[in-house]
Amino acid sequence: MKPVTKAILPVAGLGTRFLPATKAIPKEMLPIIDKPLLQYAVEEALEIGIKEIIFITSHAKKAIKRHFLQNTDLEDSLVKNGKEDFIESINPKRFKDIKFTFVDQDEQKGLGHAISLAEPFLDKDDEAVAILLPDDLFIANGKSCLQTLYDLYKETSNSVIAINEVAENKLSNYGVIDASKISRSTFQIHGIIEKPKLKDAPSNMAVCGRYILSRSIFKSLNNIEPGAGGELQLTDAIKDLLVSEKVIASSYKGQKFDCGSKQGFVEATIFLALANKDINKDILKSIQELIN
Ligand code: G1P
């Protein structure tokens, strides 16, 4: 089996929930403490050995490109000012030899459409791709969410997607699976539905934003019609894939924050602040003072 070397990160959304902050700054570039939200997902991808990150973005979001490409002018002035210690933070060693590709999605036709735009950038022999939705921030205590999926992919050669249990009143925000148990944390998917009404939800297991999908997903993306919200949905392509291939769900038990919502974004910030040894004592003290 060929290693998975390409990851697709869709980042073309308008970020309306965060206006006015996202008028000039892409939502994915908003920082959680001192790092853009997007960089957390990129680092999670690189940890499994990904060599090319394919951003599906928009021409209006130039800051994303500027962030991931080298900025020699800034590096030169840091050196000139005796601040070379900061170079690693703007041009990390782990980005060396990584290819960053930027594809414009000029029409908002949905997640399925966004993913389909990556197909021309795959190599002939790529058998599967990783997909990370950067709004979902996973803080693993040990193996990352994507690493768990990749290990299962290597073991089974099947497509694998991450799921977690969500409260009934939130199910209609997600893709929801119908599945049977394989082991304590893995399931075989029989059906999947995007943003179901509660009465139509087949379980309380919702798709969270990490996938390793077989290359056939691109064929399936060609077979689908607009679905929930009138958009081309990745979930509908996964449903199409199920006709010919096995797809496994892996239940994620670690911390996950939905940074597409204000609540999730603030919770992630608090969580990471309390995990950061440089600032956690002071932050905890401030929070306690605010509560009392
Ligand atoms: C997307 C997917 C959905 C998935 C969710 C996870 O929805 O379409 O299946 O459950 O991400 O965050 P979106 O958040 O783009 O509405």
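The values are calculated or read from the model by the stated rules, or taken from the named source; none is laboratory data. Bear in mind that the values here come from a model prediction, so they are computed numbers and not experimental data. Glycine gets a Cβ as well: all are built from the backbone with ideal geometry, and neighbour counts include every protein chain shown. For the accessible areas, the whole protein counts, side chains as well, though only heavy atoms, and no ligand, DNA or RNA atoms are used. Shrake-Rupley method; radii C 1.70, N 1.55, O 1.52, S 1.80 Å.
Brief remarks on what is shown
- Accessible area per residue for the chain is 53 Å², calculated with a 1.4 Å probe on protein heavy atoms, without ligands, DNA or RNA.
- Contour excess over end-to-end distance, with Cα ends at H59 and Q255 and 0.36 nm allotted per residue: 67.3 nm
- Computed on region 149-249, with alpha-carbon pairs under 8 angstrom and 6+ residues apart, the relative contact order is 35 percent.
- Shown are F95, F86, whose ranking by accessible area with a 1.4 Å probe and every protein chain present, most to least, is F86, F95.
- As a calculated quantity, the FRET efficiency between A275 and I182 at R0 = 35 Å, using C-beta atoms, amounts to about 0.60.
- Under-5 Å amide H pairs with S159, H placed in peptide plane, nonlocal only: S214, I248
- Rounded accessible area of H59 (nearest 10 Å², 1.4 Å probe): 110
- Region 1-59 and region 220-242: distance between their alpha carbon centers, rounded to Å: 22
- Over the chain, volume per residue of the alpha carbon convex hull, in Å³: 160
- Per residue, the average separation of C-alpha pairs within less than 8 Å and at least 6 apart gives the chain a relative contact order of 21 percent.
- Peptide ranges 111-119, 198-206 listed from the most packed, as the mean C-beta count within 10 angstrom indicates: 111-119, 198-206
- Helical mean residue ellipticity (222 nm; -39500 (n - 2.57) per DSSP H run of 4+; nearest 500) of the chain: -8500 deg cm²/dmol
- Of the cross-linked pairs K35/K93; K197/K239; K99/K124; K199/K262; K154/K256; K2/K124, those separated by over 20 Å at the C-alpha level are K199/K262; K154/K256.
- Accessible area in the full protein assembly, largest first, 1.4 Å probe, for T57, T269: T269, T57
- Along its three principal directions, the equivalent ellipsoid of region 84-192 from the Cα gyration tensor extends over semi-axes of 28, 20, 18 Å, largest first.
- In the assembled protein chains, Y40 presents an accessible area of approximately 40 Å² (probe radius 1.4 Å).
- Here the extension length gained between I98 and N222 equals 41.7 nm, from 0.36 nm per residue of separation less the Cα-Cα distance.
- Region 8-98: trypsin sites (Lys or Arg not before Pro) falling in loop per DSSP and having at most 16 other Cβ within 10 Å: K23, K51, K83, K96
- Our note on the geometry: Cα centres of region 134-171 and region 253-292, 22 Å apart.
- The residues D125, D136, D258, sorted by heavy-atom accessible surface at 1.4 Å with ligands and nucleic acids left out, run D125, D258, D136 from largest to smallest.
- Length gained when the stretch N169-K35 is fully extended (0.36 nm per residue, less Cα-Cα span): 45.1 nm
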